[in-house]
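Notes for the one structure printed next.
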Amino acid sequence: QVHFVESGGGLVQPGGSLRLSCATSGTILTFYRMGWYRQAPGKQRELVARFTFDYNTVYADAVKGRFTISRDNNKNTVYLQMNSVKPEDTAVYYCVGQMGGTDYWGQGIQVTVSS
């Protein structure tokens, strides 16, 4: 079954902004450690930003100060605000959440940073 649906990806110019959304199929409170990963062509999937068990946040060094993860429990949605994007941010972005000790993944959404 589908747990997460990502949206908001697309083409953006360097220096621009984009907001990704991840909507859960049920209540978001079912899932722990929700967050975002990304995978660029020829590279391994890597952490972008994620909530911890106690709802603090962790960020990859490459996105600190530019990306912000947030959530709206009423809308069962997690967001990734991407500012000052760079060509190296180009990747497929995946939403992730943990339930019962298992990570569940969205289908991924393409983000392309190019002029």
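The values are calculated or read from the model by the stated rules, or taken from the named source; none is laboratory data. Keep in mind the model is a prediction, meaning the values are calculated, not measured. Glycine gets a Cβ as well: all are built from the backbone with ideal geometry, and neighbour counts include every protein chain shown. Keep in mind that these areas ignore ligands, DNA and RNA; they rest on the heavy atoms of the full protein, side chains included. Shrake-Rupley method; radii C 1.70, N 1.55, O 1.52, S 1.80 Å.
Across the range 1-24, which residue is nearest to GLN98 (Cα to Cα) among those that are touching a residue at least 40 places away in the same chain (Cβ under 8 Å), open to solvent by 70 Å² or more (accessible area, probe 1.4 Å) and of a type outside the set (Val, Ile, Thr)?
ARG19
In the range 2-30, which residues are assigned to a loop (DSSP other than H, G, I, E, B) and at positive phi? Walk me through how you get there before you give the answer.
At the first step, the residues of the range 2-30 found to be assigned to a loop (DSSP other than H, G, I, E, B) are 2-3, 8-9, 13-17, 25-27.
Within the range 2-30, GLY8, GLY15 qualify.
Those residues that are open to solvent by 50 Å² or more (accessible area, probe 1.4 Å), at negative phi and part of a strand (DSSP E or B), I need them from the range 31-52; list them, please. Before you say what the answer is, go through the steps one by one.
First, pick out the residues of the range 31-52 that are open to solvent by 50 Å² or more (accessible area, probe 1.4 Å): 32-33, 39, 41-47.
This time we only want the ones that are at negative phi, so: 32, 39, 41, 43-47.
Hits for the range 31-52 are TYR32, GLN39, GLU46, LEU47.
Here are some residues: LYS75, LYS86. Which one is of a type outside the set (Phe, Trp, Tyr), within 22 Å of GLN1 (Cα to Cα), out of contact with any Phe, Trp or Tyr (no Cβ under 9 Å at 6 or more places or on another chain) and touching a residue at least 40 places away in the same chain (Cβ under 8 Å)? Reasoning before the result, please.
Numbers: LYS86 fails: within 22 Å of GLN1 (Cα to Cα).
Answer to the check: LYS75.
Restricting to the range 73-104, name every residue that is outside any loop (DSSP other than H, G, I, E, B), open to solvent by 40 Å² or more (accessible area, probe 1.4 Å) and at pLDDT below 95.
Quick first cut of the range 73-104, residues outside any loop (DSSP other than H, G, I, E, B) only: 73-75, 77-82, 87-89, 91-99, 102-104.
Within this subset, residues satisfying the condition of being open to solvent by 40 Å² or more (accessible area, probe 1.4 Å) are 73-75, 81, 87-88, 99, 102-104.
The answer is ASN73, ASN74, LYS75, MET99, THR102, ASP103, TYR104.
Hey, among the residues in the range 61-72 that are over 12 Å from the mean Cα position of the chain (by Cα) and farther than 17 Å from GLY16 by Cα, which one's least open to solvent (accessible area, probe 1.4 Å)? Give the derivation first.
Here is the first cut: in the range 61-72, the residues over 12 Å from the mean Cα position of the chain (by Cα) are 61-62, 64-66, 72.
Now restrict to residues that are farther than 17 Å from GLY16 by Cα: 61, 72.
Details: ASP61: 126, ASP72: 44 Å².
Result: ASP72.
Take the conditions open to solvent by 40 Å² or more (accessible area, probe 1.4 Å) and at positive phi and apply them to TYR55. Does it pass? Walk me through how you get there before you give the answer.
Numbers: open to solvent by 40 Å² or more (accessible area, probe 1.4 Å): yes; at positive phi: yes.
Yes; evaluated as a whole, the condition is true for this residue.
Limited to the range 21-44, what total is found for residues that are under 20 Å from HIS3 (Cα atoms) and more than 12 Å from the chain's Cα centre (by Cα)?
Here the count works out to 9.
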